[in-house]
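Reading through the structure tokens given below for one structure.
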Amino acid sequence: MDLRTRVTELMPRAREELAELVAIKSVADSRQFPPEECHRAAQWVLERFSVLGFTDTRLAATSDGSNAVVGSRPCAHADAPTVLLYAHYDVQPPLDDAAWRTQPFQLTERDGRWYGRGTADCKGNIIMHLIALRALGQDVPVNLKLVVEGSEEQGTGGLESFVVDNPDLLRADAILVCDTGNAAVGQPAATVSLRGMVNVVVTVEALASEVHSGMFGGAAPDALAALVAILATLRDHRGNTTIRGLDNTQTWSGELYPPDQFRADTTAISGVSLLGDGSVSDMLWARPAVTILGIDCPPVVGSASAIVPRASARLNLRIPPGMSPESAKVALDEHLRAAAPWGVRVSVETEATGEPFKAETDGPAYTAMAAAMQEVFDRPMATLGQGGSIPLCNVFADTYPGAELILIGVEEPQALIHAPNESVDPREISGMALTEALFLQRYAAAVR
């Protein structure tokens, strides 16, 4: 029986197991869900991989209190390479339950897709690993290592510090970071670029207290108006990010993101323009982009006829490979202060920073992955960027400088990860499981 047939026959089991895993409310935030749920998910993962030859599988405590599932499966071939399989079992909270068309923690099939929190991000990738290994059976021609973390969505760095503290435990020649996905259903891709980020809170102060807008408005400095004026300088009339000192002219050389598809993926309202004077791919993956995440000021309901003395905004600046978060942070800070009108007092607090990532794609693992994707999907592997940040990739790259990092998975744009109505197309699970199985065979043959 060939691998494709084996994967097809395993798909009913994939659905059953994904339903079990989605039903576990493994949100790694004890303020919202009991921590026992994450432990249940970790135990579920441990048990499934243990029976697949990962006989030393265990739960490893990390610095943020989460448990990572770690294990290994040696190969009989002495000269076989080592491949690390990565995923995470924790999920985003469901957010607005009323916005879900199905129960968030109950796998539900609609129009050929499987809905539920974590179906794509990232429990679907756990199932993908299981199906690939079951399809191969005893014929796994590489040494395998496994790590499935439990706090990726919280960004608290538990696994990052664990890798640094235990470098030999996860050392590998190739690392499959399975937390991304294809360009679209059936369009195979590897993510080769990740944005870095700088999060800051800018606060503007103009008065010691509120004063009557009728008695003093017109001459009294308005902190909210000053904040609006500062924020308006962060983009030009085309929507390009215009922070002095940050290059906003770079271009993307990989796969292009069709504008019509992007409009559909982002649910852009008819008549509203896309931003920037570059291609969609340029704007997403090659240039800095600043987003206003929130503003602290009086809400419309309950506001008074008073001049606002103090206002704040939370900003998220994404930066492409080639820009350091340190220089971007300095540029953003200086820009905000220089743009302040009327001598208002400005303070900038840095919340978090993250390094961008760019993969090296000329090694044997990438060659094997491209060949596997071509065979499965009958079209070439595209190379994508991703706007999000995965700090673990930089930790892997720094800790294992000789390893090839390949970012793949089942999360394509229709999956709506992190949003209500998250879903996965089961064809992506079967296709990527077959891809992984073929990759392990081809990679082993290529490096011997």
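Details
- Taking N as its residue count, the alpha carbon Rg of the chain over 2.2 N^0.38 Å: 1.07
- Spatially, region 377-448 and region 145-185 are offset by 12 Å when compared through their Cα centroids.
- The HN-Hα couplings worked out from phi for region 260-265 by the Karplus form 6.51 cos²θ - 1.76 cosθ + 1.60 (θ = phi - 60°) are 5, 5, 4, 4, 5, 5 Hz, whole numbers, x standing for Gly and Pro.
- Nearest-20 debye value, the chain charge dipole, Cβ charges on Lys, Arg, Asp, Glu: 340 debye
- Computed label-point distance, nm, for sites R110 and E205 using a 7 Å Cα→Cβ extension: 4.9 nm
- Nearest-ten-degree value, helix 3-22 long axis tilted from longest Cα axis of the chain: 50 degrees
- Projecting the Cα atoms of G402, F357, A444 onto the dipole axis of region 334-445, where Lys and Arg carry +1 and Asp and Glu carry -1 at the beta carbon, places F357 farthest toward the positive end.
- Amide H contacts under 5 Å for H88, placed H, 5+ residues apart: E149
- Whole-number percent relative contact order across region 47-176, with pairs defined as alpha carbons under 8 Å at least 6 apart: 39 percent
- Additional length obtainable on full extension of the chain from V447 to S273, 0.36 nm per residue less Cα span: 57.8 nm
- Using a Gaussian network model of the chain in which every pair of alpha carbons under 10 angstrom is joined by a spring, one finds that among L293, L144, L234 the greatest mean-square fluctuation is at L293.
- Computed across region 144-219, the Kirkwood radius stands at 18.3 Å (inverse of mean 1/r, all Cα pairs).
- Rounded to whole Hz, the Karplus (6.51, -1.76, 1.60) HN-Hα couplings of region 188-197, x for glycine and proline: x, 7, 10, 8, 10, 9, 10, 6, x, 8
- Cβ-derived FRET efficiency at R0 22 Å, R263 paired with H418, nearest 0.05: 0.70
- Net lengthening on full extension, A19/L169 (0.36 nm per residue, minus Cα-Cα): 50.9 nm
- Remark: relative contact order (region 215-295) = 33 percent; criterion is Cα-Cα distance under 8 angstrom and separation of 6 or more residues.
- Close amide-amide hydrogen proximity is noted between R235 and T242, each under 5 Å apart and 5 or more residues distant or on a separate chain (H modeled in the peptide plane; Pro and chain starts excluded).
- Potential lengthening of the chain between L256 and F216 amounts to 9.1 nm, from the contour at 0.36 nm per residue minus the alpha-carbon distance.
- Computed with a 1.4 Å probe over protein heavy atoms only, the accessible area of W252 comes to about 40 Å².
- Considering helices alone, the calculated mean residue ellipticity of the chain at 222 nm is -10000 deg cm²/dmol, with DSSP H runs of length four and up weighted by -39500 (n - 2.57) and normalised per residue.
- Bridgeable aspartates and glutamates around K358 (alpha carbons under 16 Å apart, same-chain partners fewer than 8 residues away excluded): D179, E255, D282, D398, E404.
- Average accessible surface area per residue within region 280-397, 1.4 Å rolling probe, Å²: 47 Å²
- Axis angle, to the nearest 10 degrees, between helix 426-447 and the longest C-alpha principal axis of the chain: 60 degrees.
- Segments 184-191, 99-106, 259-266 sorted - mean Cβ within 10 Å per residue, highest first: 184-191, 99-106, 259-266
- 17 Å reach of a label modelled at A78, 7 Å along Cα-to-Cβ, counting backbone N of region 406-448: 448
- Normalised by the number of residues in the chain, the average gap of Cα pairs under 8 Å and 6 or more apart makes the relative contact order 25 percent.
- Ranked packing of 50-57, 225-232, most packed first, by mean Cβ within 10 Å: 225-232, 50-57
- Within the accessible surface of the chain, defined with a 1.4 Å probe on protein heavy atoms only, the carbon and sulfur portion equals 51 percent.
- Karplus 3J(HN,Hα) series, Hz, for region 407-415 with 6.51 cos²θ - 1.76 cosθ + 1.60 (x for Gly, Pro): 9, 9, x, 9, 9, 9, x, 5, 5
- Measuring between their Cα centroids, region 227-270 and region 282-298 lie 9 Å from each other.
- Each listed q (0.15 Å⁻¹) maps to a log10 I(q)/I(0) for region 328-407 from the Debye sum over equal C-alpha point scatterers, namely -0.72.
The values are calculated or read from the model by the stated rules, or taken from the named source; none is laboratory data. It should be emphasised that the depicted structure is a prediction, and the values quoted were computed from it without experimental measurement. Note that each Cβ is placed from the backbone with ideal geometry, even for glycine, and that neighbours are counted across all protein chains shown. Side chains are part of the model used for accessible areas, which takes the heavy atoms of the whole protein and leaves out ligands, DNA and RNA. Shrake-Rupley method; radii C 1.70, N 1.55, O 1.52, S 1.80 Å.
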